[in-house]
Amino acid sequence: MARQDKVTVGARPGPFGLDLTHAAVIVVDMQNDFGSPGGMFERAGIDIAPIRAAVGPTVRVVDAAREAGIPIVYLKMGFRPDLSDLGPDHAANRQRHQFMGVGEPVVAPDGTPSRVLVRDTWNTDIVDELAPAPGDHIIYKHRFSGFFQTDLEGLLRSQAVRDIIFTGCTTSICVESTLRDAMFRDFRCLLLEDCTGEPIGAAADRTNHEASLLSIETLFGWVATSTALLHELTAAAPADLRHSATV
């Protein structure tokens, strides 16, 4: 039996009709600086537990998406070694990232030299559990949105993508910034709430993560769980693959 190409995912504010032939998964900034012990966040005393909690569900989604032939796009926040893409001295992007120590030399957990938020270092590598596979796409970005001065839109258009499944960190900053830009470009966006993480406001009565979910489901797209998506991807798979996934 052939694969079912269109599925309906239970979501908020209503069901999301996902076309598997025109879909992509975007993994936003799930890199060592944000989600691994020894990375920038942990070194700054920021609790990475919400990001770590998103890793397992995201692994399952990415694996299932690859099985279904859905492209995987990894975004990575990383600057050139000379920091020339950080912006001018007066730019908030430069000031905020300098405050976080961008470019500072550090020692990676394996003892090798590295640098905070600099391309092609341990700090900007994807966390081990989510390591890209052959055929996945990797795009560096130097602003919170993955669409700003990158090849992301061109890549998605070349793959005939209309529906984007969003995962990654952090929910209210780079994930939401990229999702908003995707919506402005008329992509349909489905955010998986358990595949995103957010340390900002984690101790508040209502967290930034929850605020972003509310904004997205109200105006910018749809919100679902990884379980809801995986259920539909399994049901849509050819019979032999459904059997192999359950044995």
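The values are calculated or read from the model by the stated rules, or taken from the named source; none is laboratory data. Note that this is a predicted model, so its numbers are computed, not measured. All Cβ positions, glycine included, derive from the backbone under ideal geometry; neighbour counts span all protein chains shown.
Of all residues in region 66-82, those that are within 15 Å of Glu232 (Cα to Cα) and crowded, with 22+ Cβ neighbours inside 10 Å total 1.
Determine, yes or no, whether Pro105 is exposed (fewer than 14 other Cβ atoms within 10 Å of the Cβ) and under 15 Å from Pro81 (Cβ atoms). Judged against the criteria, Pro105 is a match. Would you confirm whether any residue within region 163-176 is more than 13 Å from the chain's Cα centre (by Cα) and within 20 Å of Glu67 (Cα to Cα)? Checked region 163-176: at least one residue is more than 13 Å from the chain's Cα centre (by Cα) and within 20 Å of Glu67 (Cα to Cα).
Evaluated against (1) surrounded by fewer than 16 Cβ atoms within 10 Å (Cβ to Cβ); (2) more than 29 Å from Asp5 (Cβ to Cβ); (3) at pLDDT 95 or above, Cys174 falls short on exactly one condition, (1). For region 114-134, the set of residues classified as in contact with a helix residue (DSSP H, G or I) (Cβ under 8 Å, 6 or more places away or on another chain) and not in a strand (DSSP E or B) consists of Val116, Leu117, Trp122, Asn123, Thr124, Asp125, Val127, Glu129, Leu130, Ala133, listed by residue number. Residues that are out of contact with any Asp or Glu (no Cβ under 7 Å at 6 or more places or on another chain), surrounded by 17 or more Cβ atoms within 10 Å (Cβ to Cβ) and under 15 Å from Val25 (Cα atoms) within region 137-171 comprise His137, Gly146, Leu152, Leu156, Val161, Ile164, Ile165, Phe166, Thr167, listed in sequence order.
Going by the conditions given, is Asp85 touching a residue at least 40 places away in the same chain (Cβ under 8 Å), surrounded by fewer than 19 Cβ atoms within 10 Å (Cβ to Cβ) and over 25 Å from Glu129 (Cα atoms)? Answer is yes for this residue. Looking at region 148-247, the helices (runs of 4 or more DSSP H) lying wholly inside it that each contain 1 or more residues that are in contact (Cβ under 8 Å) with a residue 60 or more places away in the chain and among the charged types (D, E, K, R) sit at 226-236.
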